[in-house]
Amino acid sequence: MEHIIAEKHRGTTEPENLALACPYCNRAKGTDLGSIDPETGRLTPFFNPRTQKWSDHFQLNRAEIKPLTAEGRVTVAILQFNQSERLEERNRLISPG
Ligand SMILES: [Zn+2]
């Protein structure tokens, strides 16, 4: 269970600011709130699983998570969703169905 907006940035320990996160995502995100979108160069917040819908921002293409929006792009990039070992792990989970 992790803070979406870190306590350092005045994020609260209330359900609307908490999300389950794997150790890889949690480590990669740290206390960041967003990043620079590689397409627009704009400061962009990460996808917020409490206020946004996953399928509006991402698409699963086999094991690869493809971003559909600026929020999706910065989240995929910083949380390293498509790093090779994570793709292998996702493939292992997908193959048995
Ligand atoms: Zn994760």
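Some observations on this one:
- Residues of region 10-59 that turn out to be within 16 Å of the ligand (Cβ to nearest atom), closer than 16 Å to Gly72 by Cβ and in contact with a His (Cβ under 7 Å, 6 or more places away or on another chain), as a count: 1
- Close pairs from region 63-76: first under 10 Å from Phe46 (Cβ atoms), partner charged (D, E, K, R) and surrounded by 15 or more Cβ atoms within 10 Å (Cβ to Cβ), Cβ under 7 Å, at least 6 apart: Val74/Asp37
- Residues that are of a type outside the set (D, E, K, R), outside any loop (DSSP other than H, G, I, E, B) and out of contact with any helix residue (DSSP H, G or I) (no Cβ under 8 Å at 6 or more places or on another chain) were ranked within region 44-59; the one that is nearest to Arg27 (Cα to Cα) is Trp54.
- Residue match in region 9-26 (condition: within 23 Å of Glu85 (Cα to Cα) and crowded, with 17+ Cβ neighbours inside 10 Å): yes
- Of all residues making up region 60-97, the number that are within 15 Å of the ligand (Cβ to nearest atom), part of a loop (DSSP other than H, G, I, E, B) and touching a strand residue (DSSP E or B) at 6+ places or on another chain (Cβ under 8 Å): 2
Values quoted throughout were computed directly from the atomic coordinates according to the rules given, and no laboratory measurement underlies them. In this text, all values refer to a predicted model and were calculated from it rather than measured experimentally. With ideal geometry, Cβ positions are generated from the backbone for all residues, glycine too; neighbour counts draw on all protein chains shown.
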